[in-house]
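Q: Have a look at this one before I ask anything.
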Amino acid sequence: MVVGNSDGIGLAFTRRLLADGWRVTGLSRRDNAIIVPTYAHHTIDVTAPDYPDVLGKAIDELGGVDLCVYAAGIGEPFDPVDLDAQTRTFEVNLMGAVRTTAVVVPRMLATGDGHLIGISSLADRLVSGEAPGYAGSKAGVSSYLTGLSAALRRHGVHVTTVRFGFVDTKMAKGSFRPLMIPVDDAVEILVRCVRKRPVRVSRPRRLALLTATLAPLIRPR
């Protein structure tokens, strides 16, 4: 299952999985252009009330789930007259991931195997006045998935948190995007995660080191 694959990393990774011989089901709020026999798509927003039911039925149609990748994500600059945009960021980035795990993980536990990958961000270590909803929601995602990894590994279910910096997609907003990596490189990182099932991956390494160094020094003014 790939959740959030109408464009960006999710779409590129879906194409790679199909090329590698996987049967894939995608869920996203918009359709994509993939039309092959080994792919099925459900158009649904992760914040919709019926999303868990649609996801569960999609898994049943697929015949189970070995791998689930949560790639849905949004982020809007802070606007003091539109705090609803920050609320929706939490609903998609954090609660969408939490709702997904609530459907997927029990099915993996029932078979004693499975791998859940959640795409987070290096912004999870930062306090951001420009996009507080994005940084805060990614902090929640990283913390939750890392905790799930510790709780589920002994049951045969692996959880990986992938913390990307800037990736060359429409999410990479702003004029300053240091050490931005191409989408193809992000896909290769995810492919290695599927093979090795690590707990956490942070890329690019130099930016991860920089954010870890700067995080304790950044204080709200």
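Q: Once R0 is set to 22 Å, what does the formula 1/(1 + (r/R0)^6) return for the Cβ-Cβ distance between T87 and A151, expressed as a FRET efficiency to the nearest 0.05?
A: 0.20
Q: Hey, what did the chain get for relative contact order, percent, Cα under 8 Å, at least 6 apart?
A: After rounding, I find 18 percent.
Q: From the P(r) of the range 2-216, could you give the percentage of C-alpha pairs in the tail past 21 Å?
A: 52 percent
Q: How far is it, in nm, from the label point at D184 to the one at D60 when both lie 7 Å from their Cα along the line to the Cβ?
A: For the pair D184/D60, the computed spacing is 4.2 nm.
Q: What is the distance in Å between the Cα centres of the range 134-212 and the range 97-129?
A: 11 Å
We did not get these values from a lab; they are worked out from the coordinates using the rules stated. None of these values were measured; they are calculated from a predicted model. Quick reminder, even Gly has a Cβ in these numbers, built from the backbone with ideal geometry, and neighbours come from all protein chains shown.
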